């Protein structure tokens, strides 16, 4: 049980590393949370700082999800329980860590990229279909938030189509993850409804205090 707890704690701490926040501090000396949407993820970093820092942020956030599940996969052989449960919960704690990071007083991102890393490892083919769904939605609408929400909702469906109830743990995990992503996008949903959501490619001017 102790090793299981340490594995989950490790996933949370991995997820808590605020890639976008660190990039904005290193490159611009700013707190990314004070600009644009206030989010520390890829889209806001893209709008505020630029393409390369945003891609580094995206890779780092995806990497956190992959690393947490890999860690769970490694330790699952030493933990007397279902390996899928260990890997899935390790991934879930990394998503929780990203959204509510210890290092930023529990005010983090929205979990899309970290969730992508988790399911890229756990359910590669359903994740690919979910990613394609997101790309299509963003391509037509230019709303990353809308694409993220629809992709998150579609992932449980693709997992069920691909594996039925054989991967019930991952299916339940995907439903829970989709719920978290929708909750974290509440403000985006309001702006989408009001027609005030920023589209992909719009930039934010930095005005330092």
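The values are calculated or read from the model by the stated rules, or taken from the named source; none is laboratory data. Owing to the predicted nature of the structure, the values given are computational and were not obtained by experimental measurement. Ideal geometry is used to build each Cβ from the backbone, glycine not excepted, and the neighbour counts take in all protein chains shown.
Scanning the range 135-161 for residues that are assigned to a helix (DSSP H, G or I), surrounded by 15 or more Cβ atoms within 10 Å (Cβ to Cβ) and more than 16 Å from the chain's Cα centre (by Cα) returns 137, 138, 141, 157, 158, 159, 160.
Table: residues versus (1) within 18 Å of the chain's Cα centre (by Cα); (2) at pLDDT 90 or above; (3) crowded, with 17+ Cβ neighbours inside 10 Å; (4) within 20 Å of residue 134 (Cα to Cα).
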| residue | (1), (2), (3), (4) |
| --- | --- |
| 13 | yes, yes, yes, no |
| 20 | yes, yes, yes, no |
| 25 | no, yes, no, no |
| 38 | yes, no, no, no |
| 45 | yes, yes, yes, yes |
| 60 | yes, yes, yes, yes |
| 69 | yes, yes, yes, no |
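Quick check, is residue 96 under 13 Å from the mean Cα position of the chain (by Cα) and assigned to a helix (DSSP H, G or I)? Judged against the criteria, residue 96 is a match. Quick check on my filter: what residues within the range 47-58 are touching a helix residue (DSSP H, G or I) at 6+ places or on another chain (Cβ under 7 Å), within 23 Å of residue 12 (Cα to Cα) and surrounded by fewer than 24 Cβ atoms within 10 Å (Cβ to Cβ)? 54, 56, 58, listed by residue number. Residue 69 - would you say it is touching a residue at least 40 places away in the same chain (Cβ under 8 Å), closer than 26 Å to residue 162 by Cα and part of a helix (DSSP H, G or I)? So residue 69 passes the test. With respect to (1) modelled with pLDDT of 90 or more; (2) farther than 28 Å from residue 143 by Cβ; (3) surrounded by fewer than 23 Cβ atoms within 10 Å (Cβ to Cβ), the lone exception for residue 3 is condition (1). One residue stands out among those in the range 164-202 that are modelled with pLDDT under 85 and over 22 Å from the mean Cα position of the chain (by Cα): the one that is surrounded by the fewest Cβ atoms within 10 Å (Cβ to Cβ), which is 165.
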